[in-house]
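Contents: one structure, followed by commentary.
What follows is calculated from the coordinates using simple rules that are stated; it is not laboratory data. Predicted, not measured: the structure shown is a model, and the values here were computed from it.
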Amino acid sequence: MKDYSLKINGNKYDISIDEVNNESTLARVVVNGVAYEVEIEGEAASKAKKPQVVPKPKNAGLSVTPTTAAPSAPAAARAAAAGSGFSVKCPLPGTIIGVNVKEGDRVAVGQTVVVLEAMKMENNIDAERAGVVKSIHVQKGATVMEGDLLIVIE
């Protein structure tokens with residue numbers, strides 16, 4: 001398994017490459033706790049040397065999170081949301097195309113707070129509770145993963 005930490009548009013992603021099938025161009029990749037089957041496309045991929053997967057050293061006391069665990073928001077976002085308030089989290093990976101509120105705005109149940117483009121569709125992310133926007137953790141154009149913290153409502 002090979003572990004990486006990437007920062008894309010200001011968002012941190014922890015990535016592990018678990019398995020690489022040497023017979024094809026398939027790899028098993030875990031991004032922020034969510035497992036994906038990844039296929040490398042193109043003629044260059046089939047001719048490319050397959051990456052060497054080196055087992056991660058076993059450390060005493062190391063706890064392993066299974067790939068079926070629920071994804072979590074980045075550490076900075078979790079720490080910011082640790083106080084009071086209701087967290088609005090991203091339901092699926094995509095790109096933020098609109099933030100319809102700002103800090104201090106009063107929101108009602110069902111009000112659209114963020115617009116997310118995912119799978120070539122616009123998805124409205126609505127407030128599940130009424131309250132005041134305490135903090136906004138995304139901006140237009142940001143790439144987000146399932147479970148990432150978007151907004152905190154008090």
Exercise for the section: Give the Debye-formula value of log10 I(q)/I(0) at each listed q (0.15 Å⁻¹), with one equal scatterer per alpha carbon of region 75-153, two decimals each. Expected result: -0.45
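Filter the cross-link list Lys7/Lys134; Lys2/Lys140; Lys102/Lys140; Lys7/Lys89; Lys12/Lys140 down to pairs whose alpha-carbon distance in this structure exceeds 21 Å. Mind dumping the intermediate values first?
Numbers: Lys7/Lys134 25 Å; Lys2/Lys140 31 Å; Lys102/Lys140 12 Å; Lys7/Lys89 19 Å; Lys12/Lys140 16 Å.
Those over the limit are Lys7/Lys134; Lys2/Lys140.
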